[in-house]
Amino acid sequence: MNLVSGAFGTPEFLSEEPGIFTWDLATDTVYADSALAQLFGLDPEQTISGLPIIKYLDRIHPDDKPSVAKAISDSVITGDPYRHDYRVFDRSGQMVAVAAFGRCFRDEAGNPSHYAGIVFATNDPAPQDELSAHCREAMKIAQSSGLQATADALEAILKELAKPMPSDAVPIH
């Protein structure tokens, strides 16, 4: 297990090994280790041989994709370091909250050429499932207000949200 400092300096134990990657911008090929393959639910042999960036973007939660794409783009354009928290789907379809750090490197002419970084799972459940949190709160309000039919419907929704996504399913973009 890995120990990292979480929010406010409190330690968080992580069960996943951090994943390391390098993205060759000219060929749009991301070379990554097996830890990143596991986090993103991808084939380890393919990640080591290189995959297009879209294969990774397809595994990011649809609600998080726009902010991730913008943050990466900004980092490539400005050269500033990248730091972002988002959610990905692993091979079983479960959402995994991750934190990513990266930086774009430039060639001798100053053009962006390579992007390298690290991604690791976090134990922060809040960004991992905001919809479930909202549904739980709405269910409590419905129950305390005597709206049992609404509370029952929200409970059914929470049960569906808790089910893993099928491994062959691709999130809707």
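The values are calculated or read from the model by the stated rules, or taken from the named source; none is laboratory data. No experiment lies behind these values; they were computed from the predicted model shown. When we count neighbours, we look across all protein chains shown, and the Cβ atoms used for this are built from the backbone with ideal geometry, even at glycine. Note: accessible area is taken over every heavy atom of the protein model, side chains too, but ligands, DNA and RNA are not part of it. Shrake-Rupley method; radii C 1.70, N 1.55, O 1.52, S 1.80 Å.
Here's a check for you: in the range 30-44, which residue that is more than 19 Å from Arg87 (Cβ to Cβ) and in a loop (DSSP other than H, G, I, E, B) is most open to solvent (accessible area, probe 1.4 Å)?
Among those that are more than 19 Å from Arg87 (Cβ to Cβ) and in a loop (DSSP other than H, G, I, E, B), it is Asp43.
Considering only residues that are open to solvent by less than 30 Å² (accessible area, probe 1.4 Å) and within 10 Å of the chain's Cα centre (by Cα), which ones fall in the range 86-106? I'd like the intermediate steps shown before the answer.
Taking the range 86-106 and keeping what is open to solvent by less than 30 Å² (accessible area, probe 1.4 Å), we get 86-89, 93, 96-100, 102, 104.
Passing the criteria: Tyr86, Arg87, Val88, Phe89, Val96, Ala97, Val98, Ala99, Ala100.
May I ask you to list pairs of residues, at least six apart or on different chains, whose Cβ atoms are under 6 Å apart, with the first in the range 57-85 being free of Cβ contacts under 8 Å to residues at least 40 places away in the same chain and open to solvent by 40 Å² or more (accessible area, probe 1.4 Å) and the second being among the hydrophobic types (A, V, I, L, M, F, W, C) and in a helix (DSSP H, G or I)?
Filtered contacts from the range 57-85: no entries.
Restricting attention to the range 54-81, which residues are part of a loop (DSSP other than H, G, I, E, B) and more than 14 Å from the chain's Cα centre (by Cα)?
We begin by selecting, within the range 54-81, every residue part of a loop (DSSP other than H, G, I, E, B); these are 58-59, 61-64, 79-81.
Correct list: Gly79, Asp80, Pro81.
I'd like to verify a number: residues in the range 91-117 that are touching a strand residue (DSSP E or B) at 6+ places or on another chain (Cβ under 9 Å) and farther than 22 Å from Ala26 by Cβ, how many?
Here is the first cut: in the range 91-117, the ones touching a strand residue (DSSP E or B) at 6+ places or on another chain (Cβ under 9 Å) are 95-107, 112-117.
Those still in the list that are farther than 22 Å from Ala26 by Cβ too: 95-99, 101.
Adding up the residues that qualify gives 6.
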